[in-house]
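Student: My questions will all concern the structure given below.
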């Protein structure tokens with residue numbers, strides 16, 4: 001047996017990051033993410049590999065589409081180490097229990113109202129499953145080699161996407177049986193980009209110089225497009241806030257709790273300080289986002305230049321006042337808001353969480369505005385809003401869309417097509433093969449075509465495809 005790479009997720013789709021590496025001695029999983037959007041039903045399928053046979057997981061970062069299946073993996077028998085940065089571990093300690101809680105609450109709500117497809121509705125996993133994951137984390141600083149399993153050494157490099165995000169470099173020693181035709185013992189290298197940042201993040205240091213590897217997996221979320229100039233988008237955002245405030249409306253921003261909320265608070269504070277938008281009260285209605293905010297503050301105080309922008313001293317307190325809403329009662333109290341205000345609430349693609357209740361209340365009224373920031377996966381409510389749907393189903397009923405909808409791409413923390421191609425070109429040596437993953441088919445194909453035109457051997461793998469590494 002030679003070294004085999006299997007694409008168990010994030011192949012011709014954006015979510016469900018799961019890449020399996022098998023050798024004669026070891027089985028390693030890079031990321032264990034949940035599928036979101038139109039592929040979310042795949043989360044209910046049995047994991048393609050017996051979790052008990054996996055020796056270790058190496059995690060690129062904490063976002064749920066990269067880490068969210070860890071509780072299911074551990075529940076079903078995985079007991080090995082989970083290698084990650086300390087910041088990824090700290091964020092997963094918040095995200096995974098919260099993901100379990102949301103699933104449990106959604107199942108309870110569905111069963112009470114009786115509008116689910118299944119009877120009874122069940123969560124993917126529960127809080128006990130999520131808690132069982134955390135003792136398995138083994139943290140490692142950037143650049144330090146760690147033998148995660150026999151014959152497999154991992155190193156993490158800054159990816160610049162969110163706090164603690166990493167690209168994963170594996171050095172794989174294979175004891176192949178040299179009597180088997182086509183197999184030879186030896187060493188190969190694999191580099192998994194994870195999600196790559198843009199290098200302009202106000203809080204998180206940009207992607208580091210990638211190390212050489214024979215095989216490279218590169219994300220392609222924006223593989224077929226370029227981001228507009230930041231200042232143009234920020235001014236458009238400010239204009240939306242000004243218009244909604246003039247109408248007496250509320251601006252609702254569905255935002256991921258990790259990184260997006262923190263960046264939004266920083267941007268809003270700057271806009272209010274410069275008098276570019278009114279000094280409106282800002283409500284953060286996400287217990288998880290509030291806990292993540294403390295992780296970011298602690299990291300900024302430590303000032304590790306590999307993790308945070310050196311000298312960054314962002315304000316997370318917009319001039320109109322920051323109001324934290326950790327409890328359910330705090331969230332319900334926002335229903336009484338009538339004066340102009342800004343509400344930031346999870347989830348970022350409107351797939352679940354408290355934001356659904358705010359959307360249900362605010363979407364039917366012309367005076368309000370909803371600002372979508374970051375990528376909206378196909379099949380999510382956020383994507384349907386971005387595509388101009390005039391009615392959205394939430395909490396068992398259809399809600400008319402009359403509020404102003406705006407898309408803010410400048411706050412995306414994914415590299416665009418130029419950034420992704422530039423990361424490949426920055427490799428010290430051209431890889432033998434670049435596999436383009438973690439993108440919708442059109443975006444992945446566009447990036448692969450561009451890389452081929454640049455002289456690389458680039459391929460868009462199929463879901464569950466297996467390939468032998470050199």
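Student: Return one number: the angle in degrees, 0 to 90 and rounded to the nearest 10, between the long axis of the Cα atoms of helix 230-246 and the longest principal axis of the Cα atoms of the chain.
Tutor: That helix lies at roughly 30 degrees to the long axis.
Student: With everything on Cα atoms, drop me the angle between helix 287-302 and the longest principal axis of the chain, reported from 0 to 90° to the nearest 10.
Tutor: Orientation of helix 287-302: about 60 degrees from the principal axis.
Student: Quick one: the Cα spread of the stretch 197-309 along its three principal axes, in angstroms, biggest first?
Tutor: Principal axes ranked by extent give 57, 35, 25 Å for the Cα atoms.
Student: Right, here's the next one. Can you give me the Kirkwood hydrodynamic radius for the stretch 220-278, using every pair of distinct Cα atoms, in Å to one decimal? Can you show the working numbers first?
Tutor: Working: mean 1/r = 0.0770 Å⁻¹.
With all distinct Cα pairs of the stretch 220-278 included, I get 13.0 Å.
Student: Is the chain best put as rounded, prolate or oblate by its Cα gyration tensor, with a ≥ b ≥ c the root eigenvalues, rounded for a/c under 1.5, and otherwise prolate when a/b is larger than b/c, oblate when not?
Tutor: prolate
Student: May I ask you to compute the full-extension gain from residue 144 to residue 393, defined as 0.36 nm times their residue separation minus their alpha-carbon distance, rounded to one decimal in nm? Provide the component values of the computation, followed by the final result.
Tutor: Details: separation 249, 0.36 × 249 = 89.64 nm, distance 4.77 nm.
The residue 144-residue 393 span can extend by a further 84.9 nm.
Student: Please grab the % of Cα pairs in the stretch 93-158 that end up more than 21 Å from each other.
Tutor: Tail fraction, whole percent: 50.
Student: Could you state the principal axis extents of the C-alpha atoms in the stretch 1-112, from the largest down, to the nearest angstrom?
Tutor: In descending order, the Cα extents are 52, 30, 25 Å.
Student: Work out how far the C-alpha atoms of the stretch 314-429 reach from end to end along every principal axis, then list the three figures in whole Å, largest first.
Tutor: 59, 35, 24
Student: What angle, in degrees between 0 and 90 and rounded to the nearest 10, separates the Cα long axis of helix 260-273 from the longest principal axis of the Cα atoms of the chain?
Tutor: For helix 260-273, the angle is close to 40 degrees.
Student: A further question follows. Would you mind getting the Kirkwood hydrodynamic radius of the stretch 230-408 from its Cα pairs, rounded to one decimal in Å?
Tutor: 16.5
Every number in this text was worked out from the coordinates using simple rules, so none of it is lab data. Model, not experiment: these values are computed from the prediction.
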